[in-house]
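Participant: There's a structure below that I have some questions on.
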């Protein structure tokens, strides 16, 4: 069995063989031109060598580093455009010529990174020995000078960079010194106090003073409690009573009240309360008491000159009745309370002072860390500044030591290049081989770019990837005895091709069952053989004993019913609606096949969509569904119009027809996706025009025909019937 790729190539070769032969001829002609070219002149390879070098004595580290970096020159640097142009100007040769003929072999490196050889091999090819020596000599001089310029440029760049950065580093160093100095001025006394113990001593002294004050306050509290017990008054009450008792006005008013009360007590025995004298005395007493209350208010309120006293103006006579002894005790209590409050204030100040000292002591570690950080930052800035100064000094010292890292180790030496003469037969053989490869590749490429399926295996794989059932593979049928524009219909029941359509029919029945009676057959594009498949499927079904009706629903093309010996009605295209409404006129019996009927197409008509969607067409299909076992709708291609989709609702399923070398890959995939996504009832697909061997009655297939020749014969036969298929 021929592999699919060989089949693809044979099909492409049949189409594009002249383009492949033209490509073969061009390659062979080119090799012939190369073969007859005269031998090139004798050329010379001029070799020279450079070596890595350095100053005899190096006093600076920078000079040694630059010289070491000079050994990292690459081939791209040594053969840069600047070098080539400079040499070309000196020797008066084009720079492109020098760049094409010069080569450099750099020394390799060992696993440890060291150079395997200290030499750089420089080779220049030229047909003139003296010119080659001159070019190579100038080239090495320019390379040595380039290395020197690179080293000098690196040194100058280092010095410039240091000079650019040095002012900033110096400024940062001064800023760090000022910051440390300001911090020392602000925080050093506290840090020294913590370090020499004076801060801790202050905390201890404050605690001792607090304890002494607390002891004194405790003694005063004891004295106050003793005096309160003796007087029966609190400190506030004693202060108010002492103030009221010491006021002479209050004492005078109290005396007057006592005198009036004494007179009232004496006269009460002889006079009634309503007596004018008693009333007068009561008024005097009341006036004296009001004055007493007023004066007591002035004394307690301070009269605007002193702070008011906390006390009640009721019971003034009782509160202002202290004798001198009790008044002295009350004054003592007031003095002790004043002293106690003074000590309380001192204790509070001592506590605040202790808290402040403790806070300062708790901040000492942070202050010490901050000072250490500032000192460290200053040290780093100073170290950087010192290193830059040292590097600048070292770089200036290296100015006298920096030389080229390369030197000439070997002068140019010419070596003649011995070339073998060309072999014309060998060159032509190579050209012929390349011509065959290129010509075959062009043919295969053009065949691949068509975008069509080349073999039935390709179509089968595409259907399998999209889960579409393959209902059958139909072979190419002969067209020798057919009339012009007739389709190859299997009218003979003994035809060897009939078994393939019978297999197609049985697979369709097995998958669809008895419920599938109306089948719509369409294709992606024209010339894929959908009408041939529809006719022969109807013949196979009729020969199997099934009443079968073929409806030509392609109203955009003329009828092909003449292939079944049926003459279409001439008036059908004039009045298609009337044609389809009369079942006795439009349904025709096929004379050569029993149980087979056909409705010839009324096409071509202008408004095919209107006819397909008409009630006449719908009634025709509904009546056929009841009267026939199988109804086949032969429609036009999906790429031409949407007529198959308009008639699809009348059917039970769709069968797609594909044909090798005609069906486009992307169009078939798009059609399958559209039918599946819209759920239009895709039953499966068939492969028409497949390269399948058929056992014919005359046994011609038993002849010893090579398989490639058989493939070409099938291809030629398929091209012969492509014109008969037309748009079907």
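Where a number appears in this text, it was derived from the coordinates with a stated rule and is not lab data. As the structure is a computational prediction, the values presented were derived from the model and not from experiment. Here the Cβ is made from the backbone with ideal geometry for all residues, glycine too, and neighbour counts use every protein chain on show.
Participant: Do you know the relative contact order of the stretch 461-701, to the nearest whole percent, from alpha carbon pairs under 8 angstrom that are 6+ apart?
Facilitator: After rounding, I find 32 percent.
Participant: Could the peptides 143-153, 248-258 be put in order, highest first, of the mean number of other beta-carbon atoms found within 10 Å of their residues?
Facilitator: Put in order of decreasing packing, that is 143-153, 248-258.
Participant: Grab the beta carbon distance between residue 359 and residue 382, set R0 = 41 Å, and tell me the FRET efficiency rounded to 0.05.
Facilitator: So the FRET efficiency works out to roughly 0.75.
Participant: Additional query: If each residue of separation counts as 0.36 nm, what is the full-extension length gain between residue 438 and residue 345 once their alpha-carbon separation is subtracted?
Facilitator: Once the chain is fully extended between residue 438 and residue 345, it gains 22.1 nm.
Participant: Going by average Cβ neighbours within 10 Å, how do the peptides 323-332, 455-464 rank, with the highest at the top?
Facilitator: 455-464, 323-332
Participant: Another question, if that's okay. Assuming R0 = 60 Å, what is the FRET efficiency of residue 692 and residue 36, from their Cβ-Cβ distance, to the nearest 0.05?
Facilitator: Taking R0 as 60 Å, the efficiency between residue 692 and residue 36 is 0.70.
Participant: Here is a follow-up. Two-decimal Rg/Rh of the stretch 452-551 from alpha-carbon positions, Kirkwood Rh?
Facilitator: 0.96
Participant: Would you mind telling me the antiparallel percentage of the DSSP bridges in the stretch 461-701, rounded to 5?
Facilitator: 5
Participant: Tell me, rounded to the nearest percent, the portion of alpha carbon pairs in the stretch 529-606 spaced more than 17 Å apart.
Facilitator: 40
Participant: Okay, moving on. Using 0.36 nm per residue of separation minus the Cα-Cα distance, give me the extension gain between residue 262 and residue 221 in nm, one decimal.
Facilitator: In short, 10.4 nm is gained.
Participant: For 631, 142, what's the fewest-to-most ordering of other Cβ within 10 Å of each Cβ?
Facilitator: In increasing order of surrounding Cβ atoms, one gets 142, 631.
Participant: Find the centroid of the Cα atoms in the stretch 218-290 and in the stretch 581-614, then give the distance between the two in whole Å.
Facilitator: 144
Participant: In addition: Write down the radius of gyration of the stretch 105-206 and its Dmax, each obtained from C-alpha positions, in Å.
Facilitator: Spelled out, the Cα radius of gyration and Dmax of the stretch 105-206 are 33.2, 107 Å.
Participant: Still on this model: Obtain the radius of gyration and the Kirkwood radius of the stretch 461-701 from its C-alpha atoms and give Rg over Rh.
Facilitator: Ratio of gyration radius to Kirkwood radius: 0.94.
Participant: Sort 514-524, 564-574 by packing, meaning the average of other beta carbons within 10 Å per residue, with the highest value first.
Facilitator: Top of the packing list down: 514-524, 564-574.
Participant: Counting alpha carbon pairs within less than 8 Å and at least 6 residues apart, what relative contact order, in whole percent, applies to the stretch 451-589?
Facilitator: It rounds to 20 percent for the stretch 451-589.
Participant: Can I ask one more? If you split all Cα-Cα distances of the stretch 251-293 into 10 Å bins from zero, what percentages do you get per bin, shortest first?
Facilitator: Spelled out bin by bin, the stretch 251-293 gives 32, 51, 16, 0 percent.
Participant: Kindly put 426, 500 in sequence by how many other C-beta atoms sit within 10 Å of each C-beta, fewest to most.
Facilitator: Lowest count first: 426, 500.
Participant: In nm, give the distance between the simple-model label positions of residue 298 and residue 200, each being 7 Å from the Cα along the Cα-to-Cβ direction.
Facilitator: So the two model labels end up 6.5 nm from each other.
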